[in-house]
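Throughout, read-outs are computed from the coordinates displayed, never taken from laboratory work. As the structure is a prediction and not an experimental result, all values here were calculated from the model. Note: ideal-geometry Cβ built from the backbone for every residue, glycine included; neighbour counts use all protein chains shown.
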Amino acid sequence: MEKNEYIEFKINNTDKFSDLTELLDLISESKKSGDYKTDDYWFEKFPNYTLKHYYFRDSDLKPEFKTSKSDGGTWHFYSMAQHLVENIDIEFLKCENIGDGKGRLEFYACGYPYGGITGLTMFLNSFDFKAIEIDEGGGIYRVEWKNDTEFELKEIKTVANNSYNSLWQRVKTKFNL
């Protein structure tokens, strides 16, 4: 059985969690079909409360309310949509409430490098869900938030000290590294 990557996060609102899972279903369907949809489509599908976490260029279709400025770890909205649907080389597997006020987004990295966890972490953050633990394929990390848009990863397990069958371990064995 293959090992999947994941992001665990705090769930502070069950309605927002439902919105997240519905949007992830649309994104996953779009990725699988290759029908990536238009920018306008994604603008309409993201809940309004998530849009405040992104910045928009002057020439972009944008909401009527105030959104974030282009600084720090803030993502451009349409770049995030393109990242999730077209650029990040993953398959979304499931997003579930695992209890105790936590959720878990599981995905399979189709190749390495697959596009990293920063985009996914900030996507979850736009629903006001803070990542707390990440397995990005090469290690497991605790997430420490510096502010609303910036975080640091603190190593819990690495490929060298973990007990699961990671891609790196298989490569090392195959090539006697």
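Based on what the data block shows, is ASN12 of a type in the set (S, T, N, Q), touching a residue at least 60 places away in the same chain (Cβ under 8 Å), under 26 Å from LEU153 (Cβ atoms) and surrounded by fewer than 14 Cβ atoms within 10 Å (Cβ to Cβ)? Spelling it out, ASN12 is indeed of a type in the set (S, T, N, Q), touching a residue at least 60 places away in the same chain (Cβ under 8 Å), under 26 Å from LEU153 (Cβ atoms) and surrounded by fewer than 14 Cβ atoms within 10 Å (Cβ to Cβ).
The residues on offer are LEU51, LEU93, LEU61, and the sole one that is within 25 Å of GLU133 (Cβ to Cβ) and either of a type in the set (S, T, N, Q) or touching a Phe, Trp or Tyr at 6+ places or on another chain (Cβ under 7 Å) (or both) is LEU93.
Residues in segment 58-112 that are more than 23 Å from SER18 (Cβ to Cβ), in a strand (DSSP E or B) and in contact with a helix residue (DSSP H, G or I) (Cβ under 6 Å, 6 or more places away or on another chain): 0 in all.
For the residues SER59, SER68, the requirement of being at negative phi and surrounded by 14 or more Cβ atoms within 10 Å (Cβ to Cβ) singles out SER68. Counting the residues of segment 129-149 that are in a loop (DSSP other than H, G, I, E, B), surrounded by 18 or more Cβ atoms within 10 Å (Cβ to Cβ) and within 13 Å of the chain's Cα centre (by Cα) gives 2. Counting only residues that are surrounded by fewer than 17 Cβ atoms within 10 Å (Cβ to Cβ) and either of a type in the set (A, V, I, L, M, F, W, C) or farther than 14 Å from PHE123 by Cβ (or both), how many does segment 38-49 have? Residues meeting the conditions: 6.
Of all the criteria given as (1) farther than 30 Å from SER68 by Cα; (2) without any contact (Cβ under 8 Å) to a residue 60 or more places away in the chain, the one not satisfied by PHE123 is (1).
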